[in-house]
Amino acid sequence: MSVIAAGIYATVTIRNNREIARLKATLDLIEKAESSEFYRDLAVAFRNALAPDDPAKKTPLDAILKPKNPYEVDQRTKIVFFLNHYELIATGFERGVLDKSFYASFMRGAVVRDWRAAEPFVIALRSKDPSPHPSPKKIYEKFEALAGGWAREIEAEARVARAPPRNPTGIAR
């Protein structure tokens, strides 16, 4: 009997330790992205090019897809690194390395916003031929799926919030 209890205890302990490690890895990833100069620089380059406050200042897609000068090459590189970061996060969720619900509670809206800004660029990358990427038709598909799922969640929550209150009398019946 004590062997069974020890086995159960070990299983529960291992599961708890994995959950703690997943939460810590997720928190570390968020902290690094929020505080690291490198990631902040990538985010600024991404937003300046694909999601500026003034849509008239948006970088033409062709300048990102086919850079013609060192500045445009640098911008494209930063945008690709920024998107790679999201693809890595989505892969981490898929593999169970990162905690999806914890990350979503902090970053869900930003992920959806950034996907919407990046989508035309990603679609253009996927259709570009030839591509240096080994699977151009699948580039950033995990990021896309993650953002799409979270966008649907946000939209459903908004519909529920806008729905008229239910009649308490009707509910009691």
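Measure off 7 Å from each Cα along the Cα-to-Cβ vector at Val3 and Ile30, then give the distance between these two points in nanometres to one decimal.
Placing both labels 7 Å along Cα→Cβ, they lie 4.4 nm apart.
Once the Cβ-Cβ distance between Glu87 and Lys57 is put in as r, and R0 is 30 Å, what FRET efficiency do you end up with, to the nearest 0.05? Present the calculation step by step, with values, prior to reporting the outcome.
Working: r = 26 Å, r/R0 = 0.87.
That gives a FRET efficiency of 0.70.
When N is the residue count of the chain, what does its C-alpha Rg come to as a fraction of 2.2 N^0.38 Å? If you can, show how the numbers build up before the last one.
Values: Rg = 21.3 Å, N = 173, 2.2 N^0.38 = 15.6 Å.
That works out to 1.37 for the chain.
Would you work out the charge dipole size for the range 1-83 about its Cα centre, treating the Cβ of every Lys and Arg as +1 and the Cβ of every Asp and Glu as -1, and quote it to the nearest 20 debye? Show your work: numbers first, answer last.
Details: 13 positive and 11 negative charges, 53 e Å.
The calculation lands at about 260 debye.
Relative to the longest principal axis of the C-alpha atoms of the chain, give the angle of the C-alpha long axis of helix 70-95, reported between 0 and 90° and rounded to the nearest 10°.
Rounded to the nearest ten degrees, it is 20.
Points 7 angstrom from Cα along the Cβ direction at Ile14 and Arg95: gap in nanometres?
Computed distance between label sites Ile14 and Arg95 equals 2.0 nm.
Would you kindly compute the Cα radius of gyration of the range 69-118 and its largest Cα-Cα separation (Dmax), both in Å?
Over the range 69-118's Cα set, Rg and Dmax evaluate to 13.1, 41 Å.
Please report, as a whole percent, how much of the solvent-accessible surface of the chain comes from carbon and sulfur atoms (probe radius 1.4 Å).
Values: 6850 of 11460 Å².
Answer for the chain is 60 percent, counting heavy atoms of protein chains only.
Please give the length that would be gained between Arg40 and Arg166 if that part of the chain were fully extended, namely 0.36 nm times their separation in residues minus their C-alpha to C-alpha distance (nm, one decimal).
Gain on stretching Arg40 to Arg166: 40.9 nm.
Of Lys32/Lys58; Lys68/Lys100; Lys58/Lys100, which ones are farther than 29 Å apart at the Cα?
As for pairs spanning more than 29 Å Cα to Cα, those are Lys68/Lys100; Lys58/Lys100.
Between Lys66 and Asn48, 0.36 nm times their residue separation minus their Cα-Cα distance comes to what? All intermediate terms of the calculation are to be shown ahead of the outcome.
Details: separation 18, 0.36 × 18 = 6.48 nm, distance 1.73 nm.
Extra length available between Lys66 and Asn48 comes to 4.7 nm.
Nearest 10 degrees, 0 to 90: what angle lies between the long axis of helix 100-127 and the longest principal axis of the chain (Cα atoms)?
30 degrees
Once you keep just the Cα pairs under 8 angstrom separated by 6 or more residues, what percentage relative contact order results for the chain?
Values: 103 pairs, mean separation 35.5, N = 173.
Here the relative contact order equals 21 percent.
The values are calculated or read from the model by the stated rules, or taken from the named source; none is laboratory data. Predicted model only: the values in this text are computed from it and were never measured. When we count neighbours, we look across all protein chains shown, and the Cβ atoms used for this are built from the backbone with ideal geometry, even at glycine. Just so you know, the surface numbers come from the protein's heavy atoms only, side chains and all, with ligands and any DNA or RNA stripped out. Shrake-Rupley method; radii C 1.70, N 1.55, O 1.52, S 1.80 Å.
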